[in-house]
Amino acid sequence: MRYSILQITTNQAEQILEQLYGIEGKALLLPGEIDFNFRIKIKNEEGYILKISRPDEDENYLEFQQQLLQYIAHNGKGLIAPKVIKDTKGSTISEITDEYGNRRKIRLLSWISGRVWSTVNPQLDALRYSLGEQCGLLTGALQGFDHPKAHREFVWDVAQSLWTKEYLHLFEGEEKDIISFFQNRFETSQSTYSMLRKAVVHNDANDNNVIVSKDVIDPKVTAAIDYGDAIHTQIINDVAIACAYAIMNYNDPLEATLPILQGYYSSFPLSEDELKHLYISIAMRLVISVTKSAINKTQEPDNEYLLISEKSAWEVLKKWKNISEEYAYYSFRNACGYSVHLNQKMFTSWIEDNIFSLSDLFPSVQKNDVYLLDLSVSSKWVGHQQEFNDLELFQFKINRLQKENPDKIIAGGYLEPRALYTSDSYDKIGNSGRESRTIHLGVDFWLPANTPVHALFDGEVITTFNHTGDKNYGGLIILKHEEESIVFYTLYGHLTIDSAMQKKNGDILKKGECIGYLGDSTQNGNWVPHLHFQIMHSMLDYSIDFPGVAYYNQLEVWRGICPDPNSLFKLKNLNAKKDITNKELISYRKKHLGKSLSLQYKEPIKMVRGSGQYLIDQYGKKYLDTVNNVAHVGHENYAVVKAGQEQMALINTNSRYLHDNINELAKELIETLPPELNVLHFVNSGSEANELAIRMVKAVTGERDIIASEIGYHGNANMCIDISSYKFDGNGGNGAPEHTQIFPLPDAYRGKYRGKNTGTQYALEVQKCIDITHKKGRGVGAFIIEPIISCGGQIELPDGFLPKAYEYTRAAGGLCISDEVQVGCGRVGKNFWGFQLYNVVPDIVTIGKPLGNGHPLAAVACTQEVADKFANGMEYFNTFGGNPVSSAIGAEVIKTIKRDKLQQHALEVGEFLKGELKKLAVKYPIIGDVRGQGLFLGFELVDDNMNPLAEQTSYLANRIKDHGILMSIDGPDHNVLKIKPPMVFNKENAQELVFYLDKVFAEDYMQSIL
């Protein structure tokens, strides 16, 4: 029968409602596979859902659903479920005859308010946990319920899913292979699968049948609706169905599954046997879905609901096929609190009674103690990444370490997070941005090439592998062992290829027999010779190789699969030092560090290493840094680091002694400045630079009054605080001091004067400050401003403002200071210095953060006239300002900017990013303004009435951090996201930033205010 004839209109639904239930309401059509469902809206009430069956629907089947809902209402304490509404005659099921003479069954249920799962964004772990929890509660509430119709033949029952084999011909290529694989796998598991617990379950917690609370910050699943698919089947199928739909559209569907499973287990525990079948049950639900879609395309092509999940289901199936079933099972066990591997406890018990020595493994070495080598992310021994990749240097360091510890084998690495794996093959895009495999699963023993390696136990060779590719990692052998009925495996990596390939699969090696010989650097991935030794409880799906490094978020599962090799040797020196937790660090800070020292983000991060435009935490997770303009030419730029190290090894003293470095730094800086600014004083920070500038002003003009911008920030020294409205007008401040005159923030977007041609108006505000000073009988000392005001919210100065402000200031006898602490050194792209954007030349320029690339170094540049008048007989001396180490670093920073053309890079990347942000602003009107120059950008979040949205700005900064991107907030109303990354930030980084900004802006919380 044609779908158009079966359909019921909304007008017909409203008439049926009034006729049978005496209720007047507005009907809205809802999706449904079998029934025609209508949302009934009634003023000031929650309303109902009207369900109209297809012709000649089985009344016993409908009665089954009604009784099930009544059972839940009686037994489901705390559960929210649709309630059965009786008609005017007291019946739970009514009947009508439609215009075509078809008998149709009618039911009315209470409406469950909230949002359907498919409309909720983001679906985070806590929400998925609540989904599992609610599904488990529902399964528990249905225990003891039964009905003949619960035992019907049903195509959506996973237990009956092998009917799909009849339709395998509808598919071809990869899709056919995938479906066939899962069908065959399900068929071969029937002997154990059929023995699992069974009960009546909901069986259809799909993304349109799950109701979520309206809370956009911390949403929870509140109910499941539509019980038409309820069936008596294996309980594990109910979990599988909830997972199958809720893990769609995730890069890592297995990771997305685990919170659902944890939630389900918390309210309805599952057995280990049930978990063993979860992987294939999830797959078979998806197989049913795509098979039904293929069938429905021919039978009811105009029923879009029947095809709603097809594309997403296929995406999950393809990803699911690439996940090891065994690894998934171990992940499920871990999520439910079981030991990861069944052999773990037996192996631990056996190994406690057996001790092996290193001399058993390396008889020719005859050493039974180790020196623990730290190669972790935070290791100081490793040094700079570039030095680690220097084979000769690394070999030298290993040799020296061995010489210092002649009676020990250098070893370490188990579960060590390492930042040494830089190949793209170690990275993936997970559910929360980029992830890197950093957790080392074995122990490395650093020994000379050709050192023989011997078997600790009897074993069978199951893998010999010539590990060549982009690098030659040498030969690998894996042995299978059985000790007291416990099966486990040992892996020996980085052997010579010849010795490894002499062994064949199936060879039996006796305890003490030679396995192979350590390869040299040419067969070791260009590393110093060493053995990678690893124990495994399982080979998973691997036959020729096995992972030696894992993702941090999978650590607990891999710990269960790959036990500590030191459990064999029981060496105290081989146990890695326990890290101080973030919680402990925070606790100590609160107790012993100043209360005014704040931490970034609601959940602070511990950073232990930097690399270019990235910061890396203690677990090896990389964060794209869009904030840190201090690391101007890149975090731990090797040339800069080297310049500082080399000079530090020679001498570091004050500038009263002659030294080439201070002159070299001065020369590099002066080349970037206008000819008028040719005298330099070196200090240690931007605050010191501005403090010195104010001293110069007083010495030159004899005046103390300084004119500064509202929300301006110029440092944390006393005089700097006195001219920083950002501080004295903020929390804890006491307002402007007597000799500080503040003019309104020159913000043409949301300031006192708005729009184009506001430069003159803001400049007149500077003149007003001058007039006030004169009325008090005093003169003007200086006018100070950042060329782009950072703490004010990355405010670009209006056209014409700065030349006029300089003109007014100089006419009053004052000096003009450009605070370049944040914007200088090529960051603005078009020019090397920010003041050059406005075609002015200040009398004094203060330079800070960028100059030292993280080292405390700053400078003051001024004219000869200012310098001469400042030199009034009082010596200026700064113990550390301009010292040889700081000067070497600063000179290299400037050289790097020039050599690597980073100013031009900032212009090109900044213009691209600014353009992409403006496109984003069209899509999301919450972005009220995009501004800045080069790689000193910002965008402001406002509502339709230009009111600042501080909460949404905080949400964005904290949420995008979850995707591995660091952003920071600025502006007087805390509603500006600032972007001032290391200058090596590239176009690909900009694209990544925009991608995740788009992702977060699309989330419910952000959308709720659009």
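The values are calculated or read from the model by the stated rules, or taken from the named source; none is laboratory data. The structure displayed is predicted, hence computed values, not measured ones. Backbone-built Cβ (ideal geometry, glycine too); neighbour counts: all protein chains shown.
Below, the figures for the structure above:
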item	result
Scan of region 218-264 for residues that are β-branched (Val, Ile, Thr) and touching a Phe, Trp or Tyr at 6+ places or on another chain (Cβ under 6 Å), ordered by number	Ile231, Val239
Selection count, region 869-908, where residues are in contact with a helix residue (DSSP H, G or I) (Cβ under 9 Å, 6 or more places away or on another chain), acidic (Asp, Glu) and surrounded by fewer than 23 Cβ atoms within 10 Å (Cβ to Cβ)	1
Tally, over region 366-397, of residues that are aliphatic (A, V, I, L, M) and surrounded by fewer than 16 Cβ atoms within 10 Å (Cβ to Cβ)	2
Residue that is surrounded by the most Cβ atoms within 10 Å (Cβ to Cβ), among those in region 430-489 that are more than 30 Å from Ile965 (Cβ to Cβ) and among the charged types (D, E, K, R)	Asp444
Single condition Leu555 does not satisfy, out of (1) at pLDDT 95 or above; (2) closer than 16 Å to Phe445 by Cβ	(2)
Selection status of Tyr838, assigned by TED's automatic domain parsing to the domain that holds Arg656, under 42 Å from the mean Cα position of the chain (by Cα) and of a type outside the set (A, V, I, L, M, F, W, C)	yes
Selection within region 55-69 - surrounded by 15 or more Cβ atoms within 10 Å (Cβ to Cβ) and in a loop (DSSP other than H, G, I, E, B)	Pro55, Glu57
Residues of region 394-452 classified as of a type in the set (Val, Ile, Thr) and either free of Cβ contacts under 8 Å to residues at least 12 places away in the same chain or touching a helix residue (DSSP H, G or I) at 6+ places or on another chain (Cβ under 8 Å) (or both), total	6
Of the criteria (1) in contact with an Asp or Glu (Cβ under 7 Å, 6 or more places away or on another chain); (2) over 23 Å from Leu857 (Cα atoms); (3) not hydroxyl-bearing (Ser, Thr, Tyr), which one Gly732 fails	(1)
Subset of region 197-222 that is in contact with a helix residue (DSSP H, G or I) (Cβ under 7 Å, 6 or more places away or on another chain) and among the small types (Gly, Ala, Ser) - its residue that is surrounded by the most Cβ atoms within 10 Å (Cβ to Cβ)	Ala205
Criterion: part of a helix (DSSP H, G or I), closer than 28 Å to Gln385 by Cα and more than 39 Å from the chain's Cα centre (by Cα) - qualifying residue of Asn661, Asn652	Asn661
Single residue of Leu109, Leu127, Leu138 found to be in a strand (DSSP E or B), within 44 Å of the chain's Cα centre (by Cα) and surrounded by 19 or more Cβ atoms within 10 Å (Cβ to Cβ)	Leu109
Single condition His494 does not satisfy, out of (1) modelled with pLDDT of 95 or more; (2) under 19 Å from His530 (Cα atoms)	(1)
Qualifying residue in region 860-868 (condition: of a type in the set (Ser, Thr, Tyr) and farther than 17 Å from Glu671 by Cβ)	no
Condition met for Ala736 (of a type in the set (A, V, I, L, M, F, W, C), modelled with pLDDT under 95 and under 44 Å from the mean Cα position of the chain (by Cα))	yes
Matching residues in region 826-850 - criterion: being among the small types (Gly, Ala, Ser), under 21 Å from Arg931 (Cα atoms) and in a loop (DSSP other than H, G, I, E, B)	Gly826, Gly829
Elements of type strands (runs of 3 or more DSSP E) in region 349-464, at least 2 residues being closer than 22 Å to Ser611 by Cα, outside the structural domain of Gln991 (by TED's automatic domain parsing) and modelled with pLDDT of 90 or more	427-430, 433-440
Residues (assigned to a helix (DSSP H, G or I) and over 16 Å from Ser161 (Cβ atoms)) located in region 236-249	Ala242, Ala246
Filter result (at pLDDT below 90 and touching an Asp or Glu at 6+ places or on another chain (Cβ under 8 Å)) within region 8-30	Ile8
Residue tally, condition surrounded by 15 or more Cβ atoms within 10 Å (Cβ to Cβ), among the basic types (Lys, Arg) and part of a helix (DSSP H, G or I), over region 141-181	2
Meets criteria (at pLDDT 95 or above and either over 22 Å from the mean Cα position of the chain (by Cα) or of a type in the set (S, T, N, Q) (or both)) for Ala957	no
Only one of Asp498, Asp507 that is exposed (fewer than 15 other Cβ atoms within 10 Å of the Cβ) and on the phi < 0 side of the Ramachandran plot	Asp498
Selected residue [buried (at least 23 other Cβ atoms within 10 Å of the Cβ), touching a residue at least 60 places away in the same chain (Cβ under 8 Å) and in contact with a strand residue (DSSP E or B) (Cβ under 7 Å, 6 or more places away or on another chain)] from Glu786, Glu820	Glu786
The one condition in (1) in a loop (DSSP other than H, G, I, E, B); (2) under 15 Å from Asp458 (Cα atoms); (3) without any contact (Cβ under 8 Å) to a residue 60 or more places away in the chain that Gly512 fails to fulfil	(3)
Residues located in region 740-777, provided they are in contact with a helix residue (DSSP H, G or I) (Cβ under 7 Å, 6 or more places away or on another chain) and either under 16 Å from Ala708 (Cα atoms) or among the small types (Gly, Ala, Ser) (or both)	Thr740, Gln741, Ile742, Phe743, Pro744, Pro746, Gly759, Tyr762, Ala763, Val766, Gln767, Ile770
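Results for (1) surrounded by fewer than 21 Cβ atoms within 10 Å (Cβ to Cβ); (2) aromatic (Phe, Trp, Tyr); (3) in contact with a strand residue (DSSP E or B) (Cβ under 6 Å, 6 or more places away or on another chain), shown as yes or no for each residue.
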site	(1), (2), (3)
Lys43	yes, no, no
Lys51	no, no, yes
Tyr71	yes, yes, no
Val84	yes, no, no
Asp87	yes, no, yes
Ile96	yes, no, yes
Gly101	yes, no, no
Asn121	yes, no, no
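Here is a yes/no grid of residues against (1) under 28 Å from Leu568 (Cα atoms); (2) not hydroxyl-bearing (Ser, Thr, Tyr):
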{"site": "Glu315", "(1), (2)": "no, yes"}
{"site": "Lys318", "(1), (2)": "no, yes"}
{"site": "Tyr327", "(1), (2)": "yes, no"}
{"site": "Tyr330", "(1), (2)": "yes, no"}
{"site": "Cys336", "(1), (2)": "no, yes"}
{"site": "Gln344", "(1), (2)": "yes, yes"}
{"site": "Glu352", "(1), (2)": "yes, yes"}
